[in-house]
1. Select, from ALA311, ALA301, the only residue that is more than 19 Å from ARG380 (Cα to Cα), crowded, with 18+ Cβ neighbours inside 10 Å and either in contact (Cβ under 8 Å) with a residue 40 or more places away in the chain or among the charged types (D, E, K, R) (or both).
2. Just wondering, is there one or more residues in the stretch 505-526 that are under 30 Å from LEU592 (Cα atoms), touching a strand residue (DSSP E or B) at 6+ places or on another chain (Cβ under 6 Å) and of a type in the set (A, V, I, L, M, F, W, C)?
3. Right, ILE20: surrounded by 10 or more Cβ atoms within 10 Å (Cβ to Cβ) and touching a strand residue (DSSP E or B) at 6+ places or on another chain (Cβ under 7 Å) or not?
4. Looking at (1) within 60 Å of the chain's Cα centre (by Cα); (2) over 30 Å from GLN110 (Cα atoms); (3) not aliphatic (A, V, I, L, M), find the lone condition where GLU37 falls short.
5. For PHE152, only one of the following conditions fails: (1) in contact with a Ser or Thr (Cβ under 8 Å, 6 or more places away or on another chain); (2) closer than 18 Å to VAL208 by Cβ; (3) part of a strand (DSSP E or B). What is its number?
6. Please state which one of GLY143, GLY154, GLY116, GLY171 is on the phi > 0 side of the Ramachandran plot and surrounded by 14 or more Cβ atoms within 10 Å (Cβ to Cβ).
7. If I filter the stretch 578-595 down to residues being part of a loop (DSSP other than H, G, I, E, B) and within 26 Å of SER552 (Cβ to Cβ), which single residue comes out as farthest from the chain's Cα centre (by Cα)?
8. From (1) outside any strand (DSSP E or B); (2) within 30 Å of PRO436 (Cβ to Cβ); (3) at pLDDT 90 or above, pick out the condition that doesn't hold for THR561.
Amino acid sequence: MWECLGSDQEGRPLSRTLQINVKVPITFFGEPIQYAELNSAIIIKCRVLANPAAEVTWFKGRDKTRLISSNYERSNDGLKILRVSLADNDVFWCQADVLETGESKDYPIQVVIAQGITPPRIVCAAPCAVEKQTATLICEAGGMPPPQFMWFYGQDVPIGTNGISKFVVRGNTLVINYVDETDNGRYSCQAFNDYDRRGQRAEYMLNVIVPPRLEPIPPIKVNLDENTPPQRAVFQCRVLRGSAESLSLEWLLADGTPVQPINGISIDVTQLALNRFVELRFDPVRREHHGNYTCVAKNLADISTTIAILAVEYRPVFIGPNIPVVFSVPNYRAIMKCQFDSYPQPTIQWVKMIRTPQDPDGGHVLVQDTDPQVIDILTRQIGPTLYETQLTYNPAQQDFGLNFECRAINPRIGRFSMNLRLAEPPRQVRVVEVKPRSNSIQLNIQPPLELGGLPLVEYLVRYEQSGIPNSFKTETFPVVSNEPQILRLESLQPSAAYRIQIVAKSRAGEGSPSIPYQLKTLDRQVPQFKILSSDMSCLADHSCVIKWLLESDGGSPVTRTEISYAKVRGPNVIDQSSPAIQLEPSATEFELQGLLADTTYSITVRLLNEAGVGEQKILKRTSKSRIDPRSESSVKRVKNRYPSVWLILSIIASIIIVITIGGVIYFILKCPRQPNRSKPPVAARTIFANKDGSGPEVEAPLNSRESVQS
């Protein structure tokens, strides 16, 4: 509003007013991207400046849908959202319209659902930082929009990727390459986003773990002698460098098992925490202590080992086998073995002792290439300090009675002597049982108590049939093992007498024959057996188990077993038998399947051998059908609908009798007769009844035609 002031010629004041309207185009004031926190009330700021005044309308989404929900209210500063939800993460349109001029504009505002930064934390997989390796720190935090991260070291010194790639920052991850103890300290990460500019911070104390490094352990050599006093040895395993966190030291044997504090061995760990070493002590040192011992140091970073060598020198000790006497025969190999425990490694010799008056301890050292009777000399190491030697020797007659000595020289000497003796034939075979059959004899034997020095090779069975010339025979049976054995003579004559002797044989020759056995083979008979049954009933309704016991095979083995069955209709009425079911000859039971319930069967079991057939029969009745009891009454009702066969026959017989009697009466009535006048007439009557006597009796008068017809 403008006012113009003035005066006229007479000095009277004059004034005029003027209204000037300045047109202002529609102008929007507000951020194009605004953040809204979930479940909170916010105002989407959009202030409109226009002249003439504009009317503001709000729309949502790319398709500009008008807001009609009660969750939105217009205000002077913009649009108020009463409760922010995920559906509000969208574009809102602030539209201004000037009705006087027809001007219209809209302004898009992107609403981003936001959330403040959650408390962050820094994680690092254990072990986090190992010397000369890579450490990776990860800062975990939440927020909407996704948070951004900044890393700091110590007193807020920013960390960024430098030229030598010591530190590498990738978002929320900090990578420290080739870490060392100078990298120890406090690391922190600052998490923030566009909604929460201040954000939150987390800290992490980094401790670089140094792998353990052990001091080398010098070896110890101990010389054991019968004339020296007991000696002791101590190994010290010391940690030169390494983190003490979770540090442990352990002593292991060569096979990887922990050293046990036994047999003079002890472990001292009292200096581990203070001076970082442990001791392995041997007091006194023994022969079995010889070997390597491994000290193992562990912490979170790595494992380190060092080896302590305890070299115990001692005279060779004979271990075994303790066989002072070796048996053989001329021109048959004799095998002799020795085992020695020795350190250092010994030289092993075999000596054939040939004593003379001039040299009672003299002997001849056997050499494989120069001694023709030496078949082989084998020497090998079978353990860290264990050695085995084997002499294979072909003895002559003059060698028996001599001693053979194995010697281990390192340079002290260990020795063991064996006497070579001439083996003898075995003693008598022990016969435990003799079982005659119709065409065979079974001999259960045990080896002799004294074998004579050599293992058995075979058994000889000599036998002949009594009274039959030139029937002498010998059968050989190889020895399976030095255990009881069964020998069987086959293809013998039935019901014949035999004389039998058994001899054991080895490389030394045949042994003493056993006492002669006189026995007779059995007559050929059919197998004898019985069926096992406690009662007549079967346990099932459609099957039945039959068991039998073989009492005697009749002198020859059972070659076939079969079973059959037939249904029993009544006394002496049996159906045709089923086909025979073939079973294994050794079978002793069988279950018949597919039988009828509540039915009696005649079951036949047959056992066959060379003499014929042994047969046994038994009656068995299956149990009643196992069906629902409620259906039993219905079955009975169905059966009652039809008369039995006997009832039908009775009715037919009754009809025939009635017709016959009626014919007789009719014939009597046709014949004339004189009545007896002295007595009153008595009406004749006939009694009708069923043939089997059942049913009511019916009397019919015969004095009139009507009565007869009735």
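The values are calculated or read from the model by the stated rules, or taken from the named source; none is laboratory data. The structure presented is a predicted model; accordingly, all values stated were derived computationally and were not measured. Methodologically, a virtual Cβ is constructed for each residue, glycine included, from the backbone with ideal geometry; neighbour enumeration extends over all protein chains shown.
1. Numbers: ALA311 fails: crowded, with 18+ Cβ neighbours inside 10 Å.
On inspection, the qualifying residue turns out to be ALA301.
2. Residues of the stretch 505-526 that are under 30 Å from LEU592 (Cα atoms), as a first pass: 525-526.
Restricting the remaining residues to those that are touching a strand residue (DSSP E or B) at 6+ places or on another chain (Cβ under 6 Å) gives 526.
With of a type in the set (A, V, I, L, M, F, W, C) added as a condition, the list becomes 526.
Within the stretch 505-526, one or more residues are under 30 Å from LEU592 (Cα atoms), touching a strand residue (DSSP E or B) at 6+ places or on another chain (Cβ under 6 Å) and of a type in the set (A, V, I, L, M, F, W, C).
3. On the way: surrounded by 10 or more Cβ atoms within 10 Å (Cβ to Cβ): no; touching a strand residue (DSSP E or B) at 6+ places or on another chain (Cβ under 7 Å): yes.
Answer is no for this residue.
4. Unmet condition: (2).
5. Result: PHE152 fails condition (2) only.
6. On the way: GLY154 fails: surrounded by 14 or more Cβ atoms within 10 Å (Cβ to Cβ); GLY116 fails: on the phi > 0 side of the Ramachandran plot; GLY171 fails: surrounded by 14 or more Cβ atoms within 10 Å (Cβ to Cβ).
Just a single option satisfies the conditions, and that option is GLY143.
7. If we filter the stretch 578-595 for residues that are part of a loop (DSSP other than H, G, I, E, B), which is where we start, we get 578-580, 584-588, 594-595.
Remaining after also requiring within 26 Å of SER552 (Cβ to Cβ): 580, 584-588.
Working: ALA580: 45, GLU584: 36, PRO585: 39, SER586: 36, ALA587: 35, THR588: 36 Å.
Only one residue tops the list, namely ALA580.
8. Against the list (1) outside any strand (DSSP E or B); (2) within 30 Å of PRO436 (Cβ to Cβ); (3) at pLDDT 90 or above, THR561 comes up short only on (1).
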